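The values are calculated or read from the model by the stated rules, or taken from the named source; none is laboratory data. Predicted model, so just to flag it, every value in this text is computed and none were measured. A quick note on method: Cβ atoms are made from the backbone with ideal geometry, for glycine too, and the neighbour counts reach across all protein chains shown. We work out accessible area using only protein heavy atoms, side chains counted, and drop any ligands, DNA or RNA first. Shrake-Rupley method; radii C 1.70, N 1.55, O 1.52, S 1.80 Å.
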Amino acid sequence: MKVAVFSTKPYDREFLARANSSLAHPHELLFHETQLNPHSTLLAQGCTAVCCFVNDNVDATVLQQLSDLGIKLIALRCAGFNQVDLVTAKKLGIVVARVAEYSPHAVAEHALGLILMLNRNLHRAYHRVRENDYSLNGLLGFDMVNKTVAVIGTGKIGQVFAKIVQGLGCRVIAYDPQPAPIVAATGVRYVALNDIWPAADIISLHCPLNSNTHHLINANSIAQMKKGVMLINTGRGGLIDTRAAITGLKSKTIGYLGLDVYEEEGDLFFEDNSNHLLQDDVFARLLTFPNVVITGHQAFFTREALTAIADITLANINHFAREEFTQMCIVS
Ligand code: NAD
């Protein structure tokens, strides 16, 4: 099958090409660096499938254009699918498949990295020592043991994350509209969402972005949080109302903010913009806070995760080509 692969970087090409070459009947992968959007759909001409990533635009307009070109499959090489208009895809008979699980450990461990970096001010300590400055003023941290960590969304990543912080001696509370008995059995205490805000020392977001969770963290929820709370988002940028978070940082209600995702990241992340002026004033304001650490959507970025993403994406494409639909991870 001929597949147009959008938003590819050298590492994507390396891992996808390797997974493809291990198939008995490899597919024809046409790698494009550009994002999928209404101006780039023509690159999929002659293909049966497109393969895309988190910031590709798969809205109704794009889907209609792809359908007109004869595209039958959108193979997402990510877990989240908030970038796809599923209703339109269904209407057009385009199958949407994703990688439901590749390495929940990659993301959960990155969330822990953000927590420890912020808590112990490692981002500031690194620069001080390189400047021959060994003073400790302003670097005071806190012990993780006995802190209350809230996990919002106890799916695959949230579960691994809960286990990790339990290992540090934290008390874990959680909110999920579908609580998992297996998680509760490990000592995680499910509570109502409104009970998370006043109880948590650290809040980590691991739920999908949808109409229920958009701006879950907003002025109202921030106002109910403990003074100095640490907020970690490795889920999706739209879970946090960034302007409200900035107000929370200025009032010191939010004591630490760790982000791997940002609601307007599509125009920024995955690219080297170091020769360009930063046009996003909200993002620029975030960068001024010493207690904010941002990574550019890299939580998934481990060798193990890239291998699994490539293998599962190629398996979805392969099963589609053979009409083995039940073996695909189709997004309904
Ligand atoms: P998952 O589907 O296994 O788990 C999501 C959990 O969220 C489920 O238990 C679900 O019931 C719960 N949920 C749904 N609505 C909720 C709500 N309103 N409030 C609280 N919980 C809710 O997904 P996962 O594999 O654990 O991934 C979680 C999210 O992490 C993905 O949706 C994706 O957006 C994000 N993610 C980010 C990266 C990254 O690199 N930063 C990588 C992979 C995934």
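When the P(r) is computed for the chain, the part past 37 Å accounts for 22% of the Cα-Cα pairs.
Setting aside same-chain residues fewer than 8 positions from LYS250, which aspartates and glutamates have a Cα under 20 Å from its Cα? Leaving aside aspartates and glutamates fewer than 8 places away in the same chain, those within reach of LYS250 are ASP201, ASP241, GLU263, ASP280, ASP281. In a reduced charge model with +1 at each Lys and Arg Cβ and -1 at each Asp and Glu Cβ, the chain shows a dipole moment near 860 debye about its Cα centre.
A 1.4 Å probe, protein heavy atoms only, puts the accessible area of GLU28 near 100 Å².
Each part gets one Cα centre, and for region 74-147 versus region 239-253 those centres are 18 Å apart. Springs between alpha-carbon pairs under 10 angstrom, Gaussian network model over the chain: which of PHE269, PHE161, PHE300 fluctuates most? Of PHE269, PHE161, PHE300, the Gaussian network model singles out PHE269 as fluctuating most. So which of LYS2/LYS90; LYS72/LYS163; LYS90/LYS156; LYS9/LYS147 end up more than 29 Å apart by C-alpha? Pairs exceeding 29 Å: LYS72/LYS163; LYS9/LYS147. Shape of region 1-136 from the C-alpha gyration tensor: prolate (a/c of 1.5 or more and a/b above b/c, with a ≥ b ≥ c the square roots of its eigenvalues). Just so you know, the Rg over Rh for region 164-205 is 0.93, from Cα atoms, with Rh as the Kirkwood radius. With only the Cα atoms considered, region 104-294 has a convex hull volume of 127 Å³ per residue.
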